[in-house]
1. For the chain, calculate the relative contact order in percent as a whole number, restricting contacts to Cα pairs under 8 Å that are 6 or more residues apart.
2. Which ³J(HN,Hα) values, rounded to whole Hz and listed in residue order, are derived for the range 180-197 from phi using the Karplus coefficients 6.51, -1.76 and 1.60 in 6.51 cos²θ - 1.76 cosθ + 1.60 with θ = phi - 60°, glycine and proline given as x?
3. Sticking with the crude label model, points 7 Å out along Cα→Cβ, report the distance from residue 210 to residue 158 in nm, one decimal please.
4. Quick one: angle between helix 219-238 and the longest Cα principal axis of the chain, in degrees between 0 and 90, rounded to 10, please.
5. I need the phi-derived Karplus couplings for the range 64-74: 6.51 cos²θ - 1.76 cosθ + 1.60, θ = phi - 60°, integer Hz, Gly and Pro marked x.
6. Using alpha carbons only, how many angstrom separate the centre of the range 69-119 from the centre of the range 221-235?
7. Helix-only estimate, please: 222 nm mean residue ellipticity of the chain, summing -39500 (n - 2.57) across DSSP H runs of length 4 or more and dividing by its residues, to the nearest 500.
8. Kindly provide the GluC sites (Glu not before Pro) of the range 12-117 that DSSP labels as loop, not H, G, I, E or B, and whose Cβ sees at most 10 other Cβ atoms within 10 Å.
Amino acid sequence: MTYCIGLKIAEGLVFLSDTRTNAGIDNIARYRKTFTWCEKGERAIAILAAGNLSITQGVITHLNQEIHRAETEEVECIMNAPTIYRVGQLVGAAMRRVQDRDGEALAARGEASATTMIVGGQRRGGRLRLFQIYAAGNFIEATPDTPYFQIGEHKYGKPILDRVVTIDTPMKEALKAAMVSMDSTLRSNLSVGMPLDLSVIRNDAMEFKVQRRIEADDPDFATLSDRWSQAIGELFQSLPDVKEE
């Protein structure tokens, strides 16, 4: 399994994913779950994937093939689509295509084909958009009321996002919230693991301000994790006692 987060705030988009794939207790491997495309000053797009690895790899391969075809043919792809909304539609169509091809065969063998993706970005002249794509290819968009999406093992990292993140959260606070959310998940779920991939698109930049891999020995992440654990412990001790009578 995996855990991926996409945040949409006024200052930009934040994407964070782990790299662990668990196909059984003795079959754990690393696979990148964040995929990015950028034409500086024109558009920047990120896709995060969770679920059946063969399905997600099939979707990404299809999208890349269409980008390559568009270099010599009149083919619509995510790098020439007129809007980021249309990008979401193209990703959804690719999802349906791969699911239609492989989903039935997987189900017949007792294998799950369930897959979800987070798609976000901005094109020149457009606005920041963030979508969650489902296995059927349909999708929903992040709004000011719900400015983030989680896919994969999301339950452990959800409380901090619910309490802290709003559309007006400053970027530095959004980054901390994403990291704490991931740290909480890493501590509680063995199917989520380091290293992490962090990507940031600033509003109206049309490029990635940050593209960073965070390894297990990263000192900044370790400090944040330790400080968060200490703060929770201290806060817990300061809570009023529960009456026993």
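Bear in mind these aren't lab numbers, they're just calculated from the coordinates by the rules spelled out. What you see is a predicted model, and the numbers here were worked out from it, not measured in a lab. Positions of Cβ are backbone-derived with ideal geometry, glycine not excepted, and every protein chain shown enters the neighbour counts.
1. 28
2. The phi angles translate into 5, 4, 5, 4, 4, 6, 4, 6, 10, 9, 6, 7, 10, x, 6, x, 10, 10 Hz.
3. 2.5
4. 40
5. 5, 4, 5, 4, 5, 4, 5, 6, 10, 10, 7
6. Value for the Cα centre distance between the two parts: 40 Å.
7. Values: 5 runs with 87 residues, N = 245.
So the helix-based figure for the chain works out to -12000 deg cm²/dmol.
8. Details: sites: 39, 42, 66, 71, 73, 74, 76, 104, 111; in loops: 42, 71, 73, 74, 76, 111.
Answer in residue order: 71, 73, 74.
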